[in-house]
Amino acid sequence: MAKELVVVFDFGGQYSHLITRRIRECQVYSELVPYTTSADEVSLQNPKGIVLSGGPASVYEHHSPNCDPRIFTLGVPILGICYGLQLMVQALGGKVKSTNRREFGRTELRVADKSDLLKNLTSKTNVWMSHGDCAEVLPVGFEVLASSDNCGMAVIRKSSDRLYGVQFHPEVAHTVQGMDVIRNFVVNICGCSPSWTPRSIIDTSIENIRKEVGNGKVLVAVSGGIDSTTVAALVKRAVHSRLTCIFVNHGLLRKDEENSVMKALRDLELNVRYVDATDRFLRRLQGVVDPEMKRKIIGEEFIKVFDEESAKIGSFEFLAQGTLYPDVIESGGTGSVASRIKTHHNVGGIPEWSKFNIIEPLKFLYKDEVRKIASELGISEMIVRAHQFQVPVWLCA
């Protein structure tokens, strides 16, 4: 998606995805990968930097998450956060121990070196700690940049290899100057240019859609919400008249909502077909209690509708959807250590028999990023800020 990339290794920490988001807020593209990703796989992505996330385990415990040690030889700057610092220390010959007491919450950090990672930080600043282990012996070549009352090695560095570690969490809001630390790493140390902007995302997305579709025709499943509307706007710019949008009334909308949705979509000059599938959706869902089964039924029924409409108006090879990164995450599709939360009908609900090639231009984006793109595309604020009522909470929660 972007020419410059910072890879975040996920060790199961509660803030792993927040790290990714914070890097993106620096206008640098970042992607989360499972900690089992090999150095060869990482090298193929040609990242400008690597971040090792926090995690709940102890590095000295049996079966604790570990990464391919060869990543430390790739010549790429690496930042270890909390567990990531401890993992780096142990992997490179240092020693990690359990502390006498857990350090959890707001902590004062005393900064001794402000030359690169901690540039622009004050001599004393509040950070957020959450750990029961800390580095006891540093590997050869490492030095201490900052400390706290309970952690003498709170920030470490090996300048020659551009390896850094912080025992606190710079990604959380409670760390007052956390964004300075992250920006220092990705921009100053990794050398990334802050060029991952809404305009660049739009241009790249359009280019990717054209490459993927070629001369094919595309159906876009639209609901009137921001995600699918943004996808429709992107696909229209990519394939022009070879786009057809389909809005399905599944019988679970607000009163008269189908009319306002159709008007909003036509105001964007989109070619939209309206399909009233109320009876078939409600019939399929009648008597079904299990939420996961409901989501799969909804996903399957949507695909059936799209397949039938495609046959009526001409063969469509591609189906574009407004799938977001959180949809993939919650459906357990990132390959990270996170468990599946719930299957989204537009991810796990797609039946195997479907002949559509699925296009998901937004699948690596978070909702706030999509809002920025939508605004850049000129989509009305009514849609950009709307909370869509596509499927009621009581149905699929």
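None of the figures in this text is laboratory data; all of them are computed from the coordinates on show. The structure displayed is predicted, hence computed values, not measured ones. With ideal geometry, Cβ positions are generated from the backbone for all residues, glycine too; neighbour counts draw on all protein chains shown.
A compact table of results
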{"quantity": "Gain in span if fully extended, Ala386 to Gln286, counting 0.36 nm per residue against the direct Cα distance", "calculated": "33.1 nm"}
{"quantity": "Charge dipole (debye, nearest 20) of the chain; +1 at Cβ of Lys and Arg, -1 at Cβ of Asp and Glu", "calculated": "400 debye"}
{"quantity": "Above-threshold pairs, the threshold being 27 Å between Cα atoms, out of Lys263/Lys372; Lys263/Lys367; Lys3/Lys114; Lys236/Lys296", "calculated": "Lys3/Lys114; Lys236/Lys296"}
{"quantity": "Relative contact order, percent, the range 6-189 [alpha-carbon distance under 8 Å, six or more residues apart]", "calculated": "21 percent"}
{"quantity": "Per principal axis, descending, Cα span of the range 58-173 in whole Å", "calculated": "35, 31, 25"}
{"quantity": "Positive-end extreme of charge dipole, the range 6-189 - chosen from Tyr15, His63, Leu109 (charges on Cβ)", "calculated": "Leu109"}
{"quantity": "Spin-label model distance (nm) - Val140 vs Lys355, 7 Å beyond Cα toward Cβ", "calculated": "6.5 nm"}
{"quantity": "Convex hull projection area averaged over all views, the range 233-329, Cα basis, nm²", "calculated": "7.5 nm²"}
{"quantity": "Under 5 Å, built H, 5+ apart or other chain: amide partners of Cys82", "calculated": "Val166, Gln167, Phe168"}
{"quantity": "Charge context of Cys67, other residues only, Cβ under 15 angstrom, K/R +1, D/E -1", "calculated": "-3"}
{"quantity": "Relative contact order %, the range 8-52, counting alpha carbon pairs below 8 Å whose residues are six or more apart", "calculated": "51 percent"}
{"quantity": "Per-pair calculated FRET efficiency, R0 = 22 Å: Ser64 and Thr99 via Cβ, rounded to 0.05", "calculated": "0.85"}
{"quantity": "Cβ-derived FRET efficiency at R0 41 Å, Ser200 paired with Lys312, nearest 0.05", "calculated": "0.60"}
{"quantity": "Neighbour cut-off at most 14 other Cβ (10 Å), DSSP loop, GluC sites (Glu not before Pro), the range 5-72", "calculated": "Glu61"}
{"quantity": "Helix-only CD estimate at 222 nm, as mean residue ellipticity for the chain, using -39500 (n - 2.57) per DSSP H run (n ≥ 4)", "calculated": "-9500 deg cm²/dmol"}
{"quantity": "Value of Rg/Rh across the chain [Cα atoms, Kirkwood radius]", "calculated": "1.04"}
{"quantity": "Listed residues Ile156, Thr229, Val186: farthest to the positive end of the dipole of the range 103-230 (Cβ charges)", "calculated": "Thr229"}
